[in-house]
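K.L.:
Input: one structure, supplied below.
The values are calculated or read from the model by the stated rules, or taken from the named source; none is laboratory data. Everything numeric in this text was worked out from a predicted model, so none of it was measured. Positions of Cβ are generated from backbone atoms using ideal geometry, with glycine treated the same way; all protein chains shown enter the neighbour counts.
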């Protein structure tokens, strides 16, 4: 019994020693696994950071390209306003000149052309009246002359008929000239006056339309310019935000 006690004690010590070795071995084998897990997590975080930085850079680059395009459109919109201003000046100036020319044409027709044409028609009527009167007087003289002289009947007849034909032509000419004057005063001049006035009215309407169109076109160009200006400002704000995001992503990666 006394001899068994030392044996049991040795066995117990052996078991305790073996347990300690096992614990130390398990602890030693678990430590590299922890280190490996930490390394994997670090790699994943680095990859996410790089992806975040790359994404922020792409966004910034895209915004900068958009800004360049937006500035080009803004420049074009500004040029469009200048071109529209020049076009408006040309169109409205032409419309005003057309009105002035049409008004001058009306005034010239009323104050000069009507008087000249009526005076000419009346002069033609006076000449026709005089021609008829002269033909009648000449015929009377011929009739008196042939009644006093002893001429062959055939000669007198020819001369008298010639005078009569002249009177008929003069009478017809007088009738034509009288009709011409009546038509001129009662139909032609009122009609042409109305045509001149209508033309003036059309030019005035066209000038008003040109002014309205010029205003409308300029407003549209100004709206396009303001829209382009607003877009440039918005993209610049987006660029500022994108730069802040990139700086933050780079700071997070360094941290």
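Each row is one residue, and each column tells you yes or no for (1) exposed (fewer than 15 other Cβ atoms within 10 Å of the Cβ); (2) at pLDDT below 95; (3) assigned to a helix (DSSP H, G or I).
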site	(1), (2), (3)
49	no, yes, yes
85	yes, no, yes
91	no, no, yes
104	yes, no, yes
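K.L.:
Would it be correct to say that residue 195 is more than 25 Å from residue 88 (Cβ to Cβ), at pLDDT below 95 and either touching a helix residue (DSSP H, G or I) at 6+ places or on another chain (Cβ under 7 Å) or part of a helix (DSSP H, G or I) (or both)?
P.N.:
Criteria not met by residue 195.
K.L.:
What is the one condition in (1) touching a residue at least 12 places away in the same chain (Cβ under 8 Å); (2) out of contact with any helix residue (DSSP H, G or I) (no Cβ under 6 Å at 6 or more places or on another chain) that residue 203 does not satisfy?
P.N.:
(2)
K.L.:
Could you tell me which of the residues 166, 162, 212 is surrounded by 16 or more Cβ atoms within 10 Å (Cβ to Cβ) and part of a helix (DSSP H, G or I)?
P.N.:
166
K.L.:
For segment 123-141, does any single residue satisfy the condition of being under 60 Å from the mean Cα position of the chain (by Cα) and surrounded by 13 or more Cβ atoms within 10 Å (Cβ to Cβ)?
P.N.:
Yes, segment 123-141 has at least one match.
K.L.:
Give 79, 125 a once-over and let me know the one that is assigned to a helix (DSSP H, G or I), at pLDDT 95 or above and within 30 Å of residue 170 (Cβ to Cβ).
P.N.:
Only one candidate qualifies: 125.
K.L.:
Something else about it: Only one of 222, 141, 202 is out of contact with any strand residue (DSSP E or B) (no Cβ under 9 Å at 6 or more places or on another chain) and at pLDDT below 95; which?
P.N.:
Going through 222, 141, 202 in turn, just one is out of contact with any strand residue (DSSP E or B) (no Cβ under 9 Å at 6 or more places or on another chain) and at pLDDT below 95: 141.
K.L.:
Let me ask another. Within segment 40-75, track down each residue that is in contact (Cβ under 8 Å) with a residue 40 or more places away in the chain and under 23 Å from the mean Cα position of the chain (by Cα).
P.N.:
70, 71, 73, 74
K.L.:
Let me ask something else. Residue 116 - would you say it is under 30 Å from residue 200 (Cβ atoms) and in contact (Cβ under 8 Å) with a residue 12 or more places away in the chain?
P.N.:
no
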